[in-house]
Amino acid sequence: MATKYEELGEAHKVALVRSAEYERNSQQFVLRLIQELYSLLECPEGRILVCPASAELKEDTRYTIPGTMEPNEDGYWHIGVILTIATKISPTLRTRFYLMFKGQDGVFVVRVTPEGKDLRVRTTEAADFRAVAEQMFLLVKEYLDSGLDRFLAQGASTRTIGFNNLPT
């Protein structure tokens, strides 16, 4: 028969294994989401990067998914995603999204913006990943399509758009 202390040791071991597995599954989830965004946009390699959600970005630093996922008191993982848009005739635009997500039993709940609605993503359903990528695309597209209107609108500077533009 195990002592109470040994029971605590076993519980601690199980908790560590569960936590590591959850973190690994969450990292794989982000990787798949990034791959789906690449697929939807059909953009060149290197145009979608991960970064810390809450920290200042360091120039010439290439971040990794494990190094940028941040657990938060709200129960969600937080991670930044940078999308760089460049054309031959316009200046480069870099946007940073603040994704929030948490998962259990093969289903992740994702928010593309802190105020956004919860999107349920089943890890077995490609269409669910595509819906999140589509939401990210639409945020940027609507922002770009309505730029002049926003500028001309009274009080436009107080509106939130769901992502930040970064210096290029």
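Derivation of every value follows stated rules applied to the coordinates shown; laboratory data play no part. Computed from a predicted structure; not experimentally measured. For neighbour counting, all protein chains shown are included, and Cβ atoms are generated from backbone atoms with ideal geometry for every residue, glycine included.
Cβ neighbours within 10 Å, averaged per peptide: list 64-70, 87-93, 9-15, 52-58 in order, most packed at the top.
Most protected by this proxy first, the peptides run 64-70, 52-58, 9-15, 87-93.
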Report summary line: Relative contact order in percent for the chain (Cα pairs under 8 Å, 6+ apart) equals 18
Report task. Please work out whether the chain counts as rounded, prolate or oblate from its C-alpha gyration tensor, where a ≥ b ≥ c are the square roots of the eigenvalues and a/c under 1.5 means rounded, while otherwise a/b larger than b/c means prolate and anything else oblate? Result -> prolate
